[in-house]
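Bear in mind these aren't lab numbers, they're just calculated from the coordinates by the rules spelled out. Here the structure is a predicted model, which means the values were calculated and not measured. With ideal geometry, Cβ positions are generated from the backbone for all residues, glycine too; neighbour counts draw on all protein chains shown.
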Amino acid sequence: METERVQAALQAAKEYIENLTVRSEENRPERVVPDEKRFFSWDNEKRSPAEEPYLFDWSYYNGVVMEGLFDVYETAPEQYGVYLSYVKAYLDAMIVTKPDGTKELSRNLAGYVDCHGVDCYKTAALLVRMSSESDAYMEIAGALYRDVADPEYRNSKGNIVALEFTEEKLGHNYWHGWAGGRPFNYIIWLDGIYMLQPFLAHYAAKIGDDRQLALINERLDWVADNMLAPNGLYYHACNSRDDVCPYHWTRAIGWYAMAMTDVMEVLPESYLARRKQALKLLTDGMIRCQDPSGMWANMPDRPVTDTNRLETSGTAMMVYAILKAVRHGWLEESYRAYAVRAFVGMTELKLKNGSLTDIYLKVIASNANNYERVEYYLPDEGKGSGPFIMAYSEMLYL
């Protein structure tokens, strides 16, 4: 890849990220979070606590934007302190002090509830990463960890999540959602692995919970053994090896790829051989489907069309996962070129007039093809903008 194209891509990404976040007048955490009628511009679902008491400003699609900014900060703390301040403003705006002096997430501001499902825990990974181990962030992270990992804790609906919404036959993986007390059509989603396991892994590593780290490794083993198709791609969701959602979705695969790399940072060395093997198989499967532009289609195993477009969020996730894996030595250096080509392809094809385009809004894991709705290709959607920022952070290490 020509140096000039890489540098141009980095500069374009830098300007986009700054304008979306720290330079934006609209996307100010201290203004958005306290006001129920305000939303970050990348929040295309615009959920409100008065309408749905969950996934408001605590949502994973805000969380991945903020975690991406923290990733950028970590590449050069002396240079990117403005991003740390921005992320801290976001987290602090949702924290309240109870009468007994303890800290918690405000239900009115955060929209967090302990009975929704795995999506409620993605942003918690950021609390652990930013904590000093004895501050409010760690205190709140501890309560969130208890929600899903404590076999004696009953949540606000009276359920013990660690016992009722995990199953041994599913490798002790959590149901994707449990607000209604019953699973979706498919219980295990690749999305859900990313939403919960990195948080559990990083918190468990900080407190020395070896049992939880072993369970996390078991969960990833189960996914690798049951959700990988013969064509080398992962299914979006499943109930068992024989009962799968029959679609391969680039973003779901990307969520899982990021989950693996984020968890591998803190897993014991004894688990890493299997994890590296699984990561290589996933990456090899996706590389076989990579478009000449460097990007991946929304459904990677199908031809690129106007309804199955080269898709930004999943491509960004693969860039992040591959570059991070190479940086840590989990993938060979030769894999770097695939990710760099993908990053440059994204900026050249999808970063237009200050907007990041062709980010697919959402799909439901079912037996229906809801992966080709033209109206779902949106600009500046948080589930794409966040991973794009993460991918940019890994490019900075180059």
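Of all the Cα-Cα pairs you can form in region 125-223, what percent are over 18 Å apart? Show your work: numbers first, answer last.
On the way: 2271 of 4851 pairs.
Distances greater than 18 Å cover 47 percent of the Cα pairs.
Counting helices only, and only those DSSP H runs with n ≥ 4, report the 222 nm mean residue ellipticity of the chain as the sum of -39,500 (n - 2.57) divided by its residues, in deg cm²/dmol to the nearest 500.
That comes out to -15000 deg cm²/dmol.
What is the Cα convex hull volume of region 270-323 when expressed per residue in Å³?
Values: hull volume 4.3 nm³, N = 54.
Given the Cα convex hull of region 270-323, per-residue volume reads 80 Å³.
Enter the Cα centre distance for the pair region 259-307 and region 1-52, rounded to the nearest angstrom.
Between the Cα centres of region 259-307 and region 1-52 lies a distance of 26 Å.
With a cap of 10 neighbouring Cβ atoms within 10 Å, and only residues DSSP puts in a loop, list the trypsin sites (Lys or Arg not before Pro) found in region 23-114.
On the way: sites: Arg23, Arg31, Lys37, Arg38, Lys46, Arg47, Lys88, Lys103, Arg107; in loops: Arg23, Lys37, Arg38, Lys46, Arg47.
The qualifying sites are Lys37.
Report the paramagnetic label zone for Ala179: residues of region 56-91 whose backbone N is under 16 Å from a point 7 Å from Cα along the Cα-to-Cβ axis.
Correct set: 56-62.
Using the Kirkwood radius built from alpha carbon pairs, what does the Stokes-Einstein equation give as D for region 1-135 at 20 °C and 1.002 mPa s, in µm² per second?
Numbers: Rh = 16.0 Å.
Approximately 134 µm²/s, per Stokes-Einstein.
Rounded to the nearest whole Å³, what is the per residue volume of the convex hull around the Cα atoms of region 3-396? Provide the component values of the computation, followed by the final result.
Working: hull volume 54.4 nm³, N = 394.
Taking only Cα atoms, region 3-396 has a hull volume of 138 Å³ per residue.
Is there a pair in Lys14/Lys280; Lys88/Lys122; Lys324/Lys383 whose C-alpha atoms are over 21 Å apart, and which pairs would that be? Mind dumping the intermediate values first?
Numbers: Lys14/Lys280 30 Å; Lys88/Lys122 16 Å; Lys324/Lys383 19 Å.
Result: Lys14/Lys280 exceed 21 Å.
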